[in-house]
Amino acid sequence: MSSRRQFIKDSSISAAALLLATSGFGGIVIGKRPKVIILGAGFAGLAAAHFLHKKKIDFIILEARNRIGGRVFSHTIDEKENLIIELGAEWVGNSHERLINLSNEFGLELLNNQFESHLIYKGEYFKPGQWDYSEGWKKKFQSIIDNYPKLSQADKLKLDKMDWWRFLVNNGCEGRDLDLRELLDSTDFGETIRSVSAFAALAEYAESSEKNEMDLKIKGGNSMLAKRIAEKIGADKIKLQHAVKRVVQNLKGGVTVYCENGQQFTADKLICTAPTFAVKKIKWEPGLPADQVNAMNELQYARINKNPVLFEKRFWEDESFDMVTDQSPHYFYHATKNQSSKKGVLISYTIGEKAAVVANQSDDWKKEMILQTLSPHFKNVKDNWERQTNYYWGNDEFSRGAYALYGKGQWFRVMPILKRSHIHTHFAGEHLADWQGFMEGAINTGEEAAEKI
Ligand SMILES: Cc1cc2nc3c(=O)[nH]c(=O)nc-3n(C[C@H](O)[C@H](O)[C@H](O)COP(=O)(O)OP(=O)(O)OC[C@H]3O[C@@H](n4cnc5c(N)ncnc54)[C@H](O)[C@@H]3O)c2cc1C
C-alpha cells in the first residue's frame, strides 16, 4: 500500500537530492562531526536531539518558551490529589510506534485512555450503544475504507482537491449521519470538515487504529517523555527563553543564529522544528524561497480551546466517559481516567469558530455554557463544580493553533514545499509528517531531520 508516508518520503528524498546537486549541502563537514543547532524543544526537537546524542554529534537546543515540550503541555490541576491533565496533546495511538518505543526505552508506563462515547444531539442524551450511524451509511463508509488501499496516486490527488464534507455528501451521507460525522470528524481536525482535504481525512481514517489513535496516555502526563529525553541528553544542552529572531546562512558553510535575548550561536547545520507561524517571523538571510513563503502563508492551523473543569465528584460515573454534543461545549472527555481520586476533570474541547468564541468569554460565561449542556442530563453538576482553567491554542504565541490543517488541494502540493531543506537548514515538526497532527509525526520528522545530518 502506498501510504501518505511513502509519498511524502519520496518527495523529500528528491528534494534533498536536488539540494545536494545545487548547493553542495552536506559537503562542508567531511572528516569532522558537524555541530547542530536545533530550534525548538517540542517533541520534534527533542527527538532530533536524542538521535544526535546517540550518534555523539554535538548540538544545542534553543527554545523560546520557559519550558520544554511545546504543544505537549501536561498540567497539575490539583497538587494535593496529584491530578494531571493535558492542555495540549492527549492521546498516544496504538499505531504510533516511535512514541511507544521511546516511552518503553525511558521506562514510562502507557495507560489505557480509550473512551466509550455518549452523545447529546437535538436535545436528547444517548449513552454508548444507544446511538450509531444508519446501517446504510455504516456499510457505505466501510466500503470506502476497504477501497482505500486500491486508490491510485491520481485518485488521491483528485481526492485532495475536494473537502471532506463534500466527499461525504457525494457518497450519500446525509441528514443525521452527516451531522454526526461533522461533529466527530471536526473534533479530530479541529475545524469544520468543510476546510479539510478529503484525502487527508480519508487517509487518517483508513490508516488509523480502531479508536482512531485515541488509545493510550503516558502515566504522569505526556510531558514525562520530554522530561526524560531532556535528562538523557543533558539539561545544559537546552537553552530556554532563547527565542530565535534571525538566521544567517553562509553559502560556503555554517549558520549563525541570533536570539532575542542578544545571544548568538554558530554551527554547521540547523534543524528548525517551529510551526510555520513562528518560522515566518524569523528573519532568514538569504531569504526563504518564494514558494516556501507562499506555502507558509497558505497553511492554516486548527483553533482548539480546552476548558478543563475540576469536579469534587466524578458524577459521570463511567471512567471511560467522553461525549460529543451539537452544542457550544462541543466535546467532553474524562481527563483524569486512571488517576485515583474522588475528584475528577472533564475537559470541554471546542474547535474552530466555537473555540474562538468560547476563549474570549469570561469564566462565568464558560461555566454557564457547560452547565446548560450537562445539567439537563446529569445530576449534581453545579454542586460538584470546584474550578476551571482554560487554554486557547488559537492565540498561542508560537503556533497560533493546535496543529496544521491541510485544506483542499494542499496535502500533495503544500507539504512537499514546506519539507524542502533550505541551505544548511532542515525543517521538521508535526506539520511535515505523515502522522500529521500527532506527537508521533513530530518525532518522526525530528528523527528524519537528524538522520539527514
Ligand atoms: C489541543 C491539542 C490537542 C492535541 N491532541 C493530540 C493528541 O491527542 N495526540 C497527538 O499525538 N497529538 C496531539 N496534538 C498534536 C501534538 O501536540 C503536536 O503534533 C506535537 O506536539 C508537535 O510537536 P512539534 O515539535 O512539531 O512542535 P511544537 O511542540 O510546537 O515544538 C516547537 C517548539 O519550537 C519553539 N519555538 C517556536 N518558535 C521559536 C523560535 N523563534 N525560537 C526558539 N524556539 C521557538 C516552540 O516554543 C515549541 O516549543 C495536539 C495538540 C494540541 C495543541
With Cα atoms, 0 to 90° folded angle of helix 363-374 axis to the chain main axis: 50
For the chain, with +1 on Lys and Arg beta carbons and -1 on Asp and Glu, the positive-most of Phe321, Asn171, Tyr148 along the dipole: Tyr148
1.4 Å probe accessible area per residue over the chain, in Å²: 42
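Whenever you get a sec, compute what percent of the accessible area on region 137-207 sits on carbon and sulfur atoms (1.4 Å probe).
52
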Helix-only CD estimate at 222 nm, as mean residue ellipticity for the chain, using -39500 (n - 2.57) per DSSP H run (n ≥ 4): -11000 deg cm²/dmol
The chain, dipole about Cα centre (Lys/Arg Cβ +1, Asp/Glu Cβ -1), debye to the nearest 20: 1580
Angle between the chain longest axis and helix 175-189 axis [Cα atoms, degrees, rounded to 10]: 40
Summed residue charge, Cβ within 14 Å of Leu418's Cβ, Lys/Arg positive, Asp/Glu negative: -1
Peptides 376-387, 217-228, 115-126 ordered by average Cβ neighbours within 10 Å, highest first: 217-228, 115-126, 376-387
Debye, to nearest 20: dipole size of region 137-207, +1 on Lys, Arg Cβ, -1 on Asp, Glu Cβ: 320
Helix axis angle, 198-207 relative to the chain longest principal axis, alpha carbon, degrees: 80
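The values are calculated or read from the model by the stated rules, or taken from the named source; none is laboratory data. Since the structure is predicted, the reported quantities are computational estimates derived from the model, not experimental observations. A quick note on method: Cβ atoms are made from the backbone with ideal geometry, for glycine too, and the neighbour counts reach across all protein chains shown. For the accessible areas, the whole protein counts, side chains as well, though only heavy atoms, and no ligand, DNA or RNA atoms are used. Shrake-Rupley method; radii C 1.70, N 1.55, O 1.52, S 1.80 Å.
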